[in-house]
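*Asks:* Once you've had a glance at the structure underneath, I'll fire off some questions.
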Amino acid sequence: SQTIHQWPATLVQPVGSPLSLECTVEGTSNPNLYWYRQAAGRGLQLLFYSVGIGQISSEVPQNLSASRPQDRQFILSSKKLLLSDSGFYLCAARDSSNQPQHFGDGTRLSIL
Amino acid sequence: DAKTTQPTSMDCAEGRAANLPCNHSTISGNEYVYWYRQIHSQGPQYIIHGLKNNETNEMASLIITEDRKSSTLILPHATLRDTAVYYCIVSTYGGSQGNLIFGKGTKLSVKP
């Protein structure tokens, strides 16, 4: 079964600093990959998804970008963080054989 | 917006069955019903999914009405560790996206 690794678990960054969150997946190949954000007290919002290397679709306009340099690696980035980028960031993967999405343990990002 | 309606919160006594309802009256023929739960500060955990027939696995049972407009997730013997927010989601199973739209879910509190 697939395992989704996210790091770091928590991160505190100043406004205007860059960001790089990494997600790697084990136990599957050619998965669909997803980045979600959960703001405090709110539901999950889909930010980006990818169906293959170098293929990124954005769901909402924002200060963030995503990249997929390898089949099982998904990176969430920002050049300059805003206060509104605070939240709980979750990576998810769905096997190409049509299994349900499975989530990592998330990164809690606080912007000061 | 989420295409499901769930009660905001529910209580259940430890050891009793927890029955969590979900309305999805606008579900289309190719959409599945998925259930996830999220324990505080963790990523969502997949529980079960189904299309038309009732489903059971080691975690729970899913009962879908014949008209598919509603469903019930059953945790047969709730424990304190089942305290979480439970999300009912409808989504297509296949396709290149398979995106999940999370609503606010039901906060289940299991009490001793």
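*Asks:* If you only keep lysine pairs separated by 8 or more in sequence, or across chains, how many in the protein assembly as shown come under 27 Å at the Cα atoms?
*Replies:* For the protein assembly as shown, qualifying lysine pairs total 9.
*Asks:* Given the alpha-carbon gyration tensor of the protein assembly as shown, what are the semi-axes of its equivalent ellipsoid in whole angstrom, ordered largest first, with each equal to the square root of 5 times an eigenvalue?
*Replies:* Those come to 30, 20, 15 Å.
*Asks:* Follow-up. Please list the non-local residues whose amide H lies under 5 Å from the amide H of B:S109, H modeled 1.01 Å from N, same-chain partners needing a gap of 5 or more.
*Replies:* It is B:M10, B:D11, B:C12, by chain and number.
*Asks:* Looking at the protein assembly as shown, which Cys residues are left with no other cysteine's beta carbon under 4.7 Å from theirs?
*Replies:* B:C12, each lacking another Cys Cβ under 4.7 Å.
*Asks:* Something else about it: Once label points are set 7 Å from the Cα along Cα→Cβ at both B:D67 and A:Q55, what is their separation, rounded to one decimal in nm?
*Replies:* About 3.9 nm separates the two model spin labels.
*Asks:* Quick query: amide H of B:Q45 versus all other amide H atoms, modeled in the peptide plane; which residues come in under 5 Å with a sequence gap of 5 or more or a different chain?
*Replies:* Amide H neighbours of B:Q45, under 5 Å, 5+ apart: B:R37, B:Q38, B:I39.
*Asks:* Using each residue's phi in segment B:25-38, evaluate 6.51 cos²θ - 1.76 cosθ + 1.60 at θ = phi - 60° and report the 3J(HN,Hα) Karplus result to the nearest Hz, with x for Gly and Pro.
*Replies:* 5, 9, 4, 9, x, 9, 9, 9, 9, 10, 10, 10, 9, 10
*Asks:* Please report the orientation-averaged projected area of chain B, defined via the convex hull of its C-alpha atoms, in nm².
*Replies:* Averaged projected area of chain B's Cα convex hull equals 6.9 nm².
*Asks:* Let me ask something else. Between segment B:3-33 and segment A:20-97, what is the C-alpha centre distance in whole Å?
*Replies:* Cα centroid of segment B:3-33 versus Cα centroid of segment A:20-97: 27 Å apart.
*Asks:* Shifting gears a bit: Translational diffusion coefficient, Stokes-Einstein: compute it for chain A using the Kirkwood radius over C-alpha pairs as Rh, at 10 °C and 1.306 mPa s, and state it as an integer in µm² s⁻¹.
*Replies:* Here the translational diffusion coefficient equals 114 µm²/s.
Rule-based calculations on the coordinates, nothing more; no lab input. No experiment lies behind these values; they were computed from the predicted model shown. Glycine also receives a Cβ, built like all others from the backbone with ideal geometry; neighbour counts cover every protein chain displayed.
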